[in-house]
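Participant: The structure follows.
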Amino acid sequence: MFIGHYEHTVDDKGRLIIPSDYRKLLGKLFVLVKGLDKAITIYPKDEWEKEAKRLSSFSYRQKHVRDYVRPFYASATKVSLDRQGRICIPITLRKEARIQKEVVINGMGSFAEIWAREEWDRFKQEADAVYEERAELLEEI
């Protein structure tokens, strides 16, 4: 399970060291894709396949499905770790996520996210303000 919070930097070539705990969970080949809230999602191969299966169950005839699925798949890229435990984040995903140098990598259970430090700080401040309220809403689901 992907848990925890890690702070790293991206080098000039777009390379990022993946935390060692996460490397074990990711395996040899995994997928980076445009996530939500300006984050990049990291899917291990098996979770990627589950997500792809879930998306294929929706009707492509519905515009809101196409509007989500097209950029989602267009942004997806298969990656693997180099010998130093790094990945190269494509420039298109770095631009989407507004990543320049400092990043935060967060566990999300079955997957992980990469955030630009500034975007994460902004999100966290807003989320912390409604944390308890959201916990109560989850009880209602």
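The values are calculated or read from the model by the stated rules, or taken from the named source; none is laboratory data. Worth saying up front: this structure is predicted, and the values here are computed from it rather than measured. Neighbour counts run over all protein chains shown; Cβ positions are idealised from the backbone, glycine included. For the accessible areas, the whole protein counts, side chains as well, though only heavy atoms, and no ligand, DNA or RNA atoms are used. Shrake-Rupley method; radii C 1.70, N 1.55, O 1.52, S 1.80 Å.
Yes or no, residue by residue, for (1) touching a residue at least 60 places away in the same chain (Cβ under 8 Å); (2) within 22 Å of residue 3 (Cβ to Cβ):
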position: 66; (1), (2): no, no
position: 75; (1), (2): no, no
position: 86; (1), (2): yes, yes
position: 94; (1), (2): yes, no
position: 112; (1), (2): yes, yes
position: 133; (1), (2): no, no
position: 141; (1), (2): no, yes
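Participant: Kindly indicate whether residue 99 is part of a strand (DSSP E or B), open to solvent by less than 40 Å² (accessible area, probe 1.4 Å) and under 20 Å from residue 39 (Cα atoms).
Facilitator: No; evaluated as a whole, the condition is false for this residue.
Participant: Moving to a separate point now. Would you say residue 51 is within 14 Å of the chain's Cα centre (by Cα) and either among the small types (Gly, Ala, Ser) or open to solvent by 20 Å² or more (accessible area, probe 1.4 Å) (or both)?
Facilitator: yes
Participant: Can you confirm whether segment 46-59 contains a residue that is assigned to a loop (DSSP other than H, G, I, E, B), charged (D, E, K, R) and over 12 Å from residue 114 (Cβ atoms)?
Facilitator: no
Participant: Name the single residue that is modelled with the lowest pLDDT among those in segment 20-37 being surrounded by fewer than 18 Cβ atoms within 10 Å (Cβ to Cβ) and not small (Gly, Ala, Ser).
Facilitator: So the residue we want is 28.
Participant: For segment 59-81: of the residues being open to solvent by 90 Å² or more (accessible area, probe 1.4 Å) and not hydroxyl-bearing (Ser, Thr, Tyr), which is nearest to residue 28 (Cα to Cα)?
Facilitator: Restricting to residues being open to solvent by 90 Å² or more (accessible area, probe 1.4 Å) and not hydroxyl-bearing (Ser, Thr, Tyr), the top hit is 78.
Participant: Suppose the filter is surrounded by 12 or more Cβ atoms within 10 Å (Cβ to Cβ) and of a type in the set (Phe, Trp, Tyr); does residue 6 pass it?
Facilitator: Yes, satisfied.
Participant: Further question on the same structure: Restricting to segment 1-24, name every residue that is free of Cβ contacts under 8 Å to residues at least 60 places away in the same chain and either aliphatic (A, V, I, L, M) or assigned to a loop (DSSP other than H, G, I, E, B) (or both).
Facilitator: Answer for segment 1-24, where residues must be free of Cβ contacts under 8 Å to residues at least 60 places away in the same chain and either aliphatic (A, V, I, L, M) or assigned to a loop (DSSP other than H, G, I, E, B) (or both): 11, 12.
Participant: While we're on this one: Are any residues in segment 65-96 of a type in the set (Ser, Thr, Tyr) and assigned to a strand (DSSP E or B), and if so, which ones?
Facilitator: Selection gives 77 alone.
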